[in-house]
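Structure first, commentary second.
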Amino acid sequence: MKTLPFLAAALMALTSVTARAEEPRPTQWFEDARFGMFIHFGLYSVPAGVWNGVRMTRNDYAEWIRYQQGWPKPGGIPKAEYDTLLAQFNPQGFDADAWIREAKNAGMKYFLITAKHHDGFALWDSKVSDYNVVKATPFKRDILAELVTACRKQDIKVGFYYSHWLDWEYPGGGLPPWPETKGDWTVTQPSDEAFEGYWTHKCLPQVKELMVNFKPDFMWFDSWGDQAHHFLTEDRLNRLIHLIHENQPTCLINSRIGTEKGVDYLSMGDNFFPKEGFDRPWETSGTLNHSWGYHRLDYKWKTTSQLLRWLVDNASRGGNYQLNVGPTGDGIFQPAAIKRLREIGAWMSVNGGAIYGSRPAKLPEPAWGRLTRTDGRLNAFVYDPKPGAVLEIAGLATLPAKGWVLETHEEISITKTLGGVRFTLPAVLPDDRIVVIALD
Ligand code: FHN
């Protein structure tokens, strides 16, 4: 008799944990947000794509500098040599509030950072591995803790990138998959048993730490290709997903974890903007220039006009855009990045009402631009607008009560046609990249 209440309490506790873990997670904030900042920051931000005066080859992603096919000798930079970066990692210019302010001013609603990238280096005070910013570098500050505080203060959702498959620090972590597929030198992949050791002793405990210490709003895992699937078995992924929800029930998870089942949103390929949407939340992560991590010789900056189009394209198809910044080894954003973020922010400050909380219009996509729907309003994004242009929205059955330029509030003329609605742009336009027309 005495054990019964105890048993009942234990059972209830167990049921509530399971129930919490299985409850649908709230994705609405994510879908409403539409625009977020991605950050790649770590040891690799110091060499910034150049090692001993030699520019990296192959994918030219600065965060991959340790492993470059044929670099500068087969096998890449030896770990002991790479680890000389630990003593050099001292980003004195890092200011969490300033980073988050920049994201917020750009019109972004959430923030995602590489808690641990493929090199295995952690940006927080991990008790699981000393290979982290607090224990192994002169900087000694918990970068994640400072950023999470800044995000909470400035009302920005926060998430972490965690490289769960590739880890080039811990024995047994996944190694680059290239040699097997491209083959001019070979890396011996860990055995399944060794990978299991990494999984149980580094990956799972570190992800648990992230959940317990920071209660993130979402996680962004990264995997691709056959090699990843070989290691990321259903059982391992289930353990990882369960651990996350057990410790942080509302934490969203992306599909690049290695499965589309039991996760909350789909991640597209890098810089991939699909022509059609999906019937569930999704996002594209993209770069401002070419490399994700800061690369001192990367001058391939995209124009603001192009970045805005991708943001609008994705929003019109029900997707988000996570735009990446690679801060320098000193912990600051490059002027070219700031310029673009602020230009996007200026556009969003007058047109964000047609992006945030929007859903696809479910009308044929016009050749002249894109459409979204927000609370009973239709928003028409006109690309490369020409003064006085007469444009048509096909498939709209009723004539809207009125139409106006969202930025200036200038009313425009609208008429009903056989197949939809026709509107005329004003003689003077407030933007030559994208003008938004609101139709009530
Ligand atoms: O290998 C990584 C790369 O360094 C970067 O983190 C991107 C971001 O989407 N993901 C992988 C390549 O797809």
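The values are calculated or read from the model by the stated rules, or taken from the named source; none is laboratory data. Remember, predicted model here, so these are calculated numbers, not experimental data. With ideal geometry, Cβ positions are generated from the backbone for all residues, glycine too; neighbour counts draw on all protein chains shown. We work out accessible area using only protein heavy atoms, side chains counted, and drop any ligands, DNA or RNA first. Shrake-Rupley method; radii C 1.70, N 1.55, O 1.52, S 1.80 Å.
Among the residues of segment 276-288, is there at least one that is within 16 Å of the ligand (Cβ to nearest atom), assigned to a loop (DSSP other than H, G, I, E, B) and either free of Cβ contacts under 8 Å to residues at least 12 places away in the same chain or buried (at least 18 other Cβ atoms within 10 Å of the Cβ) (or both)? Lay out the reasoning, then the answer.
First pass over segment 276-288, keeping only residues within 16 Å of the ligand (Cβ to nearest atom): 282-288.
After this cut, where a residue has to be assigned to a loop (DSSP other than H, G, I, E, B) as well, the list is 288.
Imposing the further condition that a residue be either free of Cβ contacts under 8 Å to residues at least 12 places away in the same chain or buried (at least 18 other Cβ atoms within 10 Å of the Cβ) (or both) reduces the set to 288.
Yes: segment 276-288 contains one or more residues that are within 16 Å of the ligand (Cβ to nearest atom), assigned to a loop (DSSP other than H, G, I, E, B) and either free of Cβ contacts under 8 Å to residues at least 12 places away in the same chain or buried (at least 18 other Cβ atoms within 10 Å of the Cβ) (or both).
Just for segment 253-269: of the residues that are at pLDDT 95 or above and out of contact with any Ser or Thr (no Cβ under 6 Å at 6 or more places or on another chain), which one is nearest to the ligand (Cβ to nearest atom)? It would help to see each step written out before you state the result.
Looking only at segment 253-269, we keep the residues that are at pLDDT 95 or above, and these are 253-260, 263-269.
Next cut, out of contact with any Ser or Thr (no Cβ under 6 Å at 6 or more places or on another chain) only: 253, 257, 259-260, 265, 269.
Values: ILE253: 15, ILE257: 13, THR259: 17, GLU260: 17, TYR265: 14, GLY269: 7 Å.
The residue in question is GLY269.
Just checking, which of ILE143, ILE100 is more than 16 Å from the ligand (Cβ to nearest atom), touching a residue at least 24 places away in the same chain (Cβ under 8 Å) and touching a Cys at 6+ places or on another chain (Cβ under 8 Å)? Walk me through it before giving the result.
Numbers: ILE143 fails: touching a Cys at 6+ places or on another chain (Cβ under 8 Å).
The conditions single out ILE100.
Could you say which residue among THR200, THR250, THR259 is among the hydroxyl-bearing types (Ser, Thr, Tyr), part of a loop (DSSP other than H, G, I, E, B) and open to solvent by 40 Å² or more (accessible area, probe 1.4 Å)? Quick ask: steps written out before the conclusion?
Details: THR200 fails: part of a loop (DSSP other than H, G, I, E, B); THR259 fails: open to solvent by 40 Å² or more (accessible area, probe 1.4 Å).
Going through THR200, THR250, THR259 in turn, the sole match is THR250.
Residue-by-condition table, conditions (1) open to solvent by 30 Å² or more (accessible area, probe 1.4 Å); (2) over 28 Å from GLY107 (Cβ atoms):
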site: GLU146; (1), (2): yes, no
site: GLY173; (1), (2): no, yes
site: PRO177; (1), (2): no, yes
site: GLU196; (1), (2): yes, yes
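Could you grab the pairs with beta carbons closer than 7 Å, sequence gap of 6+ or different chains, first residue in segment 236-252 and more than 29 Å from GLU193 (Cβ to Cβ), second one at pLDDT below 95 and part of a helix (DSSP H, G or I)?
PRO249/ARG20; PRO249/ALA21
Determine the pairs where a residue that is in contact (Cβ under 8 Å) with a residue 24 or more places away in the chain and charged (D, E, K, R), located within segment 161-177, has a partner that is open to solvent by 10 Å² or more (accessible area, probe 1.4 Å) and more than 13 Å from the ligand (Cβ to nearest atom) with Cβ atoms under 6 Å apart, the partner being 6 or more residues away or on another chain.
Listed pairs, sorted by first residue: GLU169/TYR131.
Within 16 Å of the ligand (Cβ to nearest atom), surrounded by fewer than 24 Cβ atoms within 10 Å (Cβ to Cβ), within 18 Å of the chain's Cα centre (by Cα) and not aliphatic (A, V, I, L, M), is that true of TYR61? Step through it out loud before you land on a result.
Values: within 16 Å of the ligand (Cβ to nearest atom): yes; surrounded by fewer than 24 Cβ atoms within 10 Å (Cβ to Cβ): yes; within 18 Å of the chain's Cα centre (by Cα): yes; not aliphatic (A, V, I, L, M): yes.
Yes, satisfied.
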